[in-house]
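Here the structure comes first, spelled out in structure tokens, and everything after it is commentary.
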Amino acid sequence: MRFTALRPYAIVFLYIIGCFSLASAQAVTPSPAAVEHPITDKDVNAKVHLTGDRSTLPLVLVKGYPFLEGEVNGVKGKLLFDVGELSSFALNSHRVTPPDGKVIGRGFFGSGQTFSVFRFPVVDDLKLPGGFEYTAVPNVRGNSGQQLEDNITPDFIGWIGLAFFDGYVLKLDYRHPSAALYKDDANGTGKQSALKGERVLQVIHFDNTGHLNLPIFPVKLGSVPFTATIDTGSHDSVWLTPGLDEKLSAEHTFQCGPSSCTLSRVSIDNHVIALGSYADRIDGKAGFSEQLGRANDNFMTLGYEFLSKFKTVWDYHEKTLTLLSNDDPK
């Protein structure tokens with residue numbers, strides 16, 4: 001959801017119309033996705049929605065973040081495919097600024113830097129891969145994504161989020177960068193299509209009740225229990241409270257050198273996943289833990305390093321994340 005690879009900005013907060021909300025995950029860019037919004041917010045951009053029984057959108061991976069090539073109001077660039085963004089479309093107002101934007105709130109990073117949150121009456125035109133085009137899109141939320149421009153990709157123009165594919169099952173493939181989307185029904189047709197010909201490694205049951213853009217599930221790092229979140233807009237990261245780093249280091253599951261840390265032996269439902277991959281270290285307690293009623297939990301986020309090891313099928317109706325072999329189907 002947020003970009004822990006750029007460590008100076010660990011947590012995003014947002015005030016909107018007098019209401020305080022805490023970021024649902026770590027952050028480095030002021031993405032609106034980082035905030036818990038009321039469910040009605042997903043309908044703000046209801047006009048921007050997938051159609052058809054199946055679509056495959058090509059992704060462009062930049063520094064571990066999945067983007068769609070697109071165009072907003074004639075400005076070509078990249079939109080982050082962000083499962084941490086609740087609404088279907090949000091705008092990087094630093095790069096594309098429609099007229100008559102109204103400030104509806106303020107946000108600030110954990111580092112103290114602030115930004116304005118806008119509502120734009122209309123975005124004239126949004127183009128996405130596959131021939132998807134939306135005109136006169138009303139009531140688009142936006143804020144500056146300059147930090148993502150500066151640190152990830154200079155042509156960043158916005159976010160595509162959960163409401164865009166509401167009612168679809170998502171199959172995410174980082175080896176052949178793509179997001180395949182299957183229209184679902186009461187019989188689970190979408191999921192059946194997504195799994196056809198694939199080798200299932202594990203099914204993870206998650207909870208996102210009250211926080212649709214933040215799936216969580218229990219994991220262990222060595223012998224230490226954690227609550228994990230999973231997010232396309234993040235790298236693997238671990239929050240370390242006092243004493244926890246020593247215990248993990250002693251078990252050789254999270255070891256940090258002068259410039260990087262290595263995460264290994266994550267187990268989910270007693271299935272060990274030998275990640276052996278780079279991860280971000282964030283000192284202190286995850287700020288969003290209290291919002292989830294889990295103030296005493298240890299937290300980690302599984303992002304690019306985890307997702308790149310599998311194809312994953314996301315079924316938000318059944319609340320399952322299915323890990324598939326990265327091998328091509330037979």
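Points worth noting:
- As a summary of the residue check, Ala136 satisfies the conditions (1) under 30 Å from Lys196 (Cα atoms); (2) assigned to a strand (DSSP E or B); (3) over 17 Å from the mean Cα position of the chain (by Cα) except for the one numbered (1).
- Looking only at region 239-268, and only at residues there that are of a type in the set (A, V, I, L, M) and assigned to a strand (DSSP E or B), the one that is nearest to Phe299 (Cα to Cα): Leu240
Every residue, every condition in (1) in contact with a helix residue (DSSP H, G or I) (Cβ under 8 Å, 6 or more places away or on another chain); (2) surrounded by 17 or more Cβ atoms within 10 Å (Cβ to Cβ), yes or no:
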| residue | (1), (2) |
| --- | --- |
| Pro242 | no, no |
| Phe254 | yes, yes |
| Gly257 | no, no |
| Ile268 | no, yes |
| Ala279 | yes, yes |
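- Checking each residue in region 293-322 for being surrounded by fewer than 21 Cβ atoms within 10 Å (Cβ to Cβ), under 18 Å from Thr227 (Cβ atoms) and more than 17 Å from the chain's Cα centre (by Cα) picks out Gly293, Arg294, Ala295, Asn296, Asp297.
- Cβ-Cβ under 6 Å pairs, at least 6 apart or on other chains, region 148-167 side under 10 Å from His49 (Cα atoms), far side of a type in the set (Lys, Arg): Ala163/Lys42
- Residue within region 168-186 that is modelled with pLDDT of 95 or more, basic (Lys, Arg) and surrounded by 21 or more Cβ atoms within 10 Å (Cβ to Cβ) present: yes
- Residues (hydroxyl-bearing (Ser, Thr, Tyr), in contact with a Ser or Thr (Cβ under 9 Å, 6 or more places away or on another chain) and either in a loop (DSSP other than H, G, I, E, B) or at positive phi (or both)) located in region 223-238: Ser223, Ser234
- Any pair with Cβ under 9 angstrom, 6 or more apart, that starts in region 222-242 at a residue that is in contact (Cβ under 8 Å) with a residue 60 or more places away in the chain and aromatic (Phe, Trp, Tyr) and ends at one that is part of a loop (DSSP other than H, G, I, E, B) and surrounded by fewer than 24 Cβ atoms within 10 Å (Cβ to Cβ): Phe226/Asp297; Phe226/Asn298; Trp239/Gly284; Trp239/Lys285; Trp239/Asn298
- Residues (within 17 Å of Ser88 (Cβ to Cβ) and under 17 Å from the mean Cα position of the chain (by Cα)) located in region 146-167: Ile157, Gly158, Trp159, Ile160, Gly161, Leu162, Ala163, Phe164, Phe165, Asp166
The values are calculated or read from the model by the stated rules, or taken from the named source; none is laboratory data. Just so it is clear, the model here is predicted, and its values are computed rather than measured. Here Cβ is always computed from backbone atoms with ideal geometry, including for glycine, and neighbour counts include all displayed protein chains.
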